[in-house]
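J.: Pasting in a structure now, in structure tokens, and then I'll have a few things to ask.
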Amino acid sequence: MDPIRVVSGGVTVLDRADVDTDQIMPAQFLKRVERTGFGEFLFYEWAKDPNWKLDKNRILVTGRNFGSGSSREHAPWGLQDYGFKAIVAPSFADIFFNNCTKIGLLPVVLPEEDVRSLMQASEATVDLERQVVEWEGGSASFEIDPETRDRLLNGLDEIGVTLNEEGAIAAYERERERTGPVTTAL
């Protein structure tokens, strides 16, 4: 996973609240075994509307409770595959939020009034190092769990975090070595 420090670029607005993972990535597309290629199915049912438009930008700004519903990982995969690097909303479903951070898609929680102001901007910068979102006419700070922030800044997924502890794991395994007969199957 690539490290995230600053995400700058165009803003795509999805001014809807309570968008669930079934709407983000419908169930009929969950049969695929690879993690890529889901972007073309993003908001599949909504995309059938002739007035639907979802610009391919780096930052998605949306309504409260984004990513509610089932815990499918395919929803963040589709958003990332479409080109989004950061999602800004007043709130996220917990599992969705965590699934995003596990793949390097940065979810940012801002107060509703700041999200509304950001929706008026055409470009923005999300700075994870400084924990601030900036756009023409405004800026807002955001909070993120320090461990999650560190993982994202260093491009570490869960396997990467574990591999960083390889020395401690090896030491633990050495310390628990026992002499005598083996009582487990080899």
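J.: Using a 1.4 angstrom probe and counting only protein chains, how large is the accessible area of Glu112 in Å², to 10?
T.: 80 Å²
J.: Long-range amide H contacts for Phe92: which residues qualify at under 5 Å (H placed 1.01 Å from N, peptide plane, sequence gap of 5 or more or a different chain)?
T.: Under 5 Å from the amide H of Phe92 lie the amide H atoms of Asn65, Phe66, each far enough along the sequence or on another chain.
J.: Could you report the chain's accessible area per residue, 1.4 Å probe, as an integer in Å²?
T.: 57 Å²
J.: Turning to a different aspect of this structure: Go through region 78-186 and name the trypsin sites (Lys or Arg not before Pro) that are in a DSSP coil and have 16 or fewer other Cβ atoms within 10 Å of their Cβ.
T.: Arg130, Arg176, Arg178
J.: Separate question: Leu163 versus Arg32, label points 7 Å from Cα toward the beta carbon: distance in nm?
T.: So the label points at Leu163 and Arg32 sit 2.5 nm apart.
J.: Now for a separate question. Using a Gaussian network for the chain with springs between C-alpha atoms less than 10 Å apart, which of these wobbles most: Gly104, Gly69, Gly160?
T.: Gly160
J.: Could you order Glu123, Glu73 so the one with the most accessible surface comes first? Probe is 1.4 Å.
T.: Glu123, Glu73
J.: Rounded, prolate or oblate, given the Cα gyration tensor of region 25-83, with a/c below 1.5 counting as rounded?
T.: rounded
J.: Could I ask something else about it? Kindly provide the chymotrypsin sites (Phe, Trp or Tyr not before Pro) of region 1-96 that DSSP labels as loop, not H, G, I, E or B, and whose Cβ sees at most 11 other Cβ atoms within 10 Å.
T.: Trp52
J.: Using a 1.4 Å probe on the protein heavy atoms, what percent of the accessible area of the chain belongs to carbon and sulfur?
T.: Heavy-atom surface of the chain belonging to carbon and sulfur, 1.4 Å probe: 46 percent.
J.: Given a 1.4 Å probe and the protein chains all in place, what does the accessible area of Ser117 round to, in Å² to the nearest 10?
T.: Ser117 has an accessible surface of roughly 50 Å² with all protein chains in place.
The values are calculated or read from the model by the stated rules, or taken from the named source; none is laboratory data. Small disclaimer: the values here were computed from a predicted structure and weren't measured. Because the Cβ atoms are built from the backbone with ideal geometry, glycine has one as well, and the counts that use them run over all protein chains shown. Protein only, heavy atoms only, side chains kept; ligands, DNA and RNA dropped before computing areas. Shrake-Rupley method; radii C 1.70, N 1.55, O 1.52, S 1.80 Å.
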